[in-house]
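Notes follow once the structure below has been shown.
The values are calculated or read from the model by the stated rules, or taken from the named source; none is laboratory data. A quick note: this is a predicted structure, and the numbers were derived from the prediction, not measured. Cβ placement follows ideal geometry from the backbone for every residue including glycine, while neighbour counts extend to all protein chains displayed. Side chains included, ligands, DNA and RNA excluded: accessible areas come from the protein's heavy atoms. Shrake-Rupley method; radii C 1.70, N 1.55, O 1.52, S 1.80 Å.
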Amino acid sequence: MLKKLYIVLALAMVAALLLPACAPAAPDCADEGTFCVGLVTDVGKIDDKSFNQSAWEGVQQAKEEGIADQVQYIETTDSKDYDKNIATFADESYDVIVTVGFGLGEATNAAAAKYPDVDFIGVDQFVEWPFDDDPSNDLANFAGLNFPEDNAGFLVGALAAMMTESGQIGSVLGTDAVPPVWRYGEGYRAGAAYIDPAVEVFVVYHNDVGFDKTFTDPEWGAATANSMIDQGADVIFGAGGKTGNGAVTAAAQRGAYAIGVDADQYYGLPEAAPRMLSSAMKLITPGVLDGIKAAKAGNLPSGNYYGDAGYAPYHDLESEVPAEVKTKMEEIAAGLLDGSITTDVPPVKP
């Protein structure tokens, strides 16, 4: 009898091993006690080492800190899919949807009107309705996260002007039809002029293609940077997703100083790190995280709220940056913060 029992137990153990392991069920976002956050990228990838990735890191941090129970993203490959991608999360009862990029602004506004029980955070999306006289179009569930990109561009433009030996510097950017990109480029130009109006500044925007290509063209970025270097530029600022990354990497490979954008790209572009002088930073990760925290607390900052901007450390090039340059950069950063220095760059291209 005991022998039969052992055989039965042994067979049961073998059967258990052969059964497929059951994966834990995904949280049910329709459950009132489950807080879900979804992110929709603009055309581009979640690992763009720039604004899509920085926003996603803010969402992930919300989960790590126990604010969100479920986080997920959708990569947009065609702008025609904006509405569909946002609706995917909304129809699954996500509590917060983060949409990344100026191009998603119209679709996000429409979705906020359609799904009043969902909170929306639009990164780089300036909301205009708080400034009109029509309260009927106000949306309490839509917050636009914006940054003073002109300040960040001004800082690295000033740095480039102080570090150039040739008296020529360059900036390779996505389309200037996107206000944040334009503010970066014109801020860079203004910062250089603040230091030395004699410094020649090459600023080129990738306006010759559509939105589906302007931020995802590293080959064009590299070719444009190389052209500037051939003309004498020895500092290159790249801003515009993978297009800007191509410029930054090409500059580093040529031995020029490279300046990244959005995040501290010393960490995101290791191939360019040895020549990465700094990065024009808008602190997207904490800005997104703050918005998610506010939404969960029932205090979404509807309309517009603003994150911070600055510049990244010099990292491997710390010893190459003179003490007087470091001091001047600190003075400029403080002046931009207290308003004693202004970039005079308008919010949008005139």
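Has the range 257-267 got at least one residue that is buried (at least 22 other Cβ atoms within 10 Å of the Cβ), hydrophobic (A, V, I, L, M, F, W, C) and free of Cβ contacts under 8 Å to residues at least 40 places away in the same chain? Looking through the range 257-267, at least one residue is buried (at least 22 other Cβ atoms within 10 Å of the Cβ), hydrophobic (A, V, I, L, M, F, W, C) and free of Cβ contacts under 8 Å to residues at least 40 places away in the same chain. Consider VAL172 carefully, then state whether it is under 22 Å from PHE102 (Cα atoms) and buried (at least 24 other Cβ atoms within 10 Å of the Cβ). Judged against the criteria, VAL172 is a match.
Report whether or not ALA252 is modelled with pLDDT of 95 or more, open to solvent by 10 Å² or more (accessible area, probe 1.4 Å) and closer than 15 Å to LEU173 by Cα. In short, no. On the stretch given as the range 64-103, residues that are in a loop (DSSP other than H, G, I, E, B) and either modelled with pLDDT of 95 or more or open to solvent by 20 Å² or more (accessible area, probe 1.4 Å) (or both) total 11.
Residue-wise test of (1) over 15 Å from GLY303 (Cα atoms); (2) within 20 Å of the chain's Cα centre (by Cα); (3) modelled with pLDDT of 95 or more.
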residue	(1), (2), (3)
ASN109	no, yes, yes
PHE120	no, yes, yes
GLU128	no, no, no
ASN137	no, no, no
ASN141	no, no, yes
MET162	yes, no, yes
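Total residues in the range 287-325 satisfying the condition of being open to solvent by 20 Å² or more (accessible area, probe 1.4 Å) and closer than 18 Å to VAL235 by Cβ: the figure is 9. GLY187: at positive phi and touching a Phe, Trp or Tyr at 6+ places or on another chain (Cβ under 8 Å), yes or no? When the stated conditions are applied, GLY187 does not pass them.
Here the range 211-245 is the region considered, the condition is being touching a strand residue (DSSP E or B) at 6+ places or on another chain (Cβ under 8 Å) and open to solvent by 50 Å² or more (accessible area, probe 1.4 Å), and the residue that is farthest from ASP264 (Cα to Cα) is GLN231. In the set (1) assigned to a helix (DSSP H, G or I); (2) modelled with pLDDT under 95; (3) among the β-branched types (Val, Ile, Thr), the condition left unmet by VAL348 is number (1).
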